[in-house]
Amino acid sequence: MANENKIAIVTGGGSGIGFAIAQTFTEHNITTIIVGRDEQKLDRAKEKLGALCVPFCFDLTNLPAIPALIENVIKQFGVIDILVNNAGINLKKYFTEVSDEEFQKIIHTNLSAVFAMSREVVKEMLKKDHGCIINISSMAAQYGLPKVIAYTASKSAIEGMTKAMAVELSPKGIRVNCIAPGFIATDMSAKALDSDAERKQKVLSRTPMGKLGEPADIGEAALFLASEAAKYITGVVLPVDGGNAIGF
Ligand code: NDP
């Protein structure tokens, strides 16, 4: 199928990695709906990305409203070919200082919303026996990172869910994969690393390529996984990390 006819949803497409994915998609003629809570952020992204970018202002933690969101997308575009579950939040705190509310908040955004979005989108994809879902995990799911307990739990669950979705949905024409970004230069990583020189040094010292990644590196990987070139790839977790996951 030509990219001109493809419709993608990128959650959290207004900034950071999601913006880079939306940029790569629109540069390749994929109509890309970006979802986020901050209308101004979405409008700024739309200004940069142009006519193929369609902002939808929506809080993904509003789970009961997700079916109506997807219905609205279908009403306007008729189909959803690609879903990138990218939106996510982080919380850096010592294990014993994390409250139940804080833990739930991370799980709600990073996991429950991914499930609810995927379920509603998959209902539409099943009508066409076709679709591609890309979940965004993290190095936190590859090895133990201190002070990010809820985030790690959510991202480990995303990887498990990717595999469970892939076995159930691939026979029906829907490929489900995951990208595990390494340390990528965005607002989120700046918040986690700039105030913690020791952690930044550790990240760089165990990244064989010796530098943080660029959001565009994740955009290119997402474009590949969403393309026909990846038509026999499903259920994988692809690290895009400058070798961080295998660094000593
Ligand atoms: P950013 O903070 O730049 O972007 C997160 C995006 O998620 C924002 O655009 C935000 O939009 C959106 N978002 C958050 N909560 C909600 C919500 N409730 N409803 C709708 N949108 C929401 O982070 P990154 O670009 O760095 O991260 C993107 C993804 O990549 C995350 O899943 C993160 O865990 C993952 N990741 C990042 C790494 C890095 O090094 N940067 C490393 C590994 C993984 P808005 O504010 O408008 O709601």
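The values are calculated or read from the model by the stated rules, or taken from the named source; none is laboratory data. What you see is a predicted model, and the numbers here were worked out from it, not measured in a lab. Virtual Cβ from ideal backbone geometry, glycine too; neighbours counted across all protein chains shown. The protein model used for the area step is the full one, side chains on, heavy atoms only, and it has no ligands, DNA or RNA in it. Shrake-Rupley method; radii C 1.70, N 1.55, O 1.52, S 1.80 Å.
Out of curiosity, is residue 84 surrounded by fewer than 18 Cβ atoms within 10 Å (Cβ to Cβ) and either over 20 Å from residue 110 (Cα atoms) or near the ligand (Cβ under 10 Å from one of its atoms) (or both)?
Values: surrounded by fewer than 18 Cβ atoms within 10 Å (Cβ to Cβ): no; either over 20 Å from residue 110 (Cα atoms) or near the ligand (Cβ under 10 Å from one of its atoms) (or both): yes.
For residue 84, the condition - surrounded by fewer than 18 Cβ atoms within 10 Å (Cβ to Cβ) and either over 20 Å from residue 110 (Cα atoms) or near the ligand (Cβ under 10 Å from one of its atoms) (or both) - is not met.
Kindly provide the set of residues from region 188-233 that are in a loop (DSSP other than H, G, I, E, B), open to solvent by less than 70 Å² (accessible area, probe 1.4 Å), aliphatic (A, V, I, L, M) and over 22 Å from residue 89 (Cα atoms), ordered by number.
Our first condition is that a residue be in a loop (DSSP other than H, G, I, E, B); within region 188-233, this holds for 194-196, 206-212, 214, 227, 231-233.
From what's left, open to solvent by less than 70 Å² (accessible area, probe 1.4 Å): 196, 206-207, 210, 212, 227, 233.
From what's left, aliphatic (A, V, I, L, M): 212, 233.
Within region 188-233, just 233 meets the criteria.
Within the group 150, 185, 141, 164, which residue is surrounded by fewer than 20 Cβ atoms within 10 Å (Cβ to Cβ), within 15 Å of the ligand (Cβ to nearest atom) and of a type in the set (Gly, Ala, Ser)? Break it down into steps so the answer makes sense when it comes.
Working: 150 fails: surrounded by fewer than 20 Cβ atoms within 10 Å (Cβ to Cβ); 141 fails: surrounded by fewer than 20 Cβ atoms within 10 Å (Cβ to Cβ); 164 fails: within 15 Å of the ligand (Cβ to nearest atom).
Going through 150, 185, 141, 164 in turn, just one is surrounded by fewer than 20 Cβ atoms within 10 Å (Cβ to Cβ), within 15 Å of the ligand (Cβ to nearest atom) and of a type in the set (Gly, Ala, Ser): 185.
Going by the structure shown, is residue 45 without any contact (Cβ under 8 Å) to a residue 12 or more places away in the chain and open to solvent by less than 60 Å² (accessible area, probe 1.4 Å)?
On the way: without any contact (Cβ under 8 Å) to a residue 12 or more places away in the chain: no; open to solvent by less than 60 Å² (accessible area, probe 1.4 Å): yes.
In short, no.
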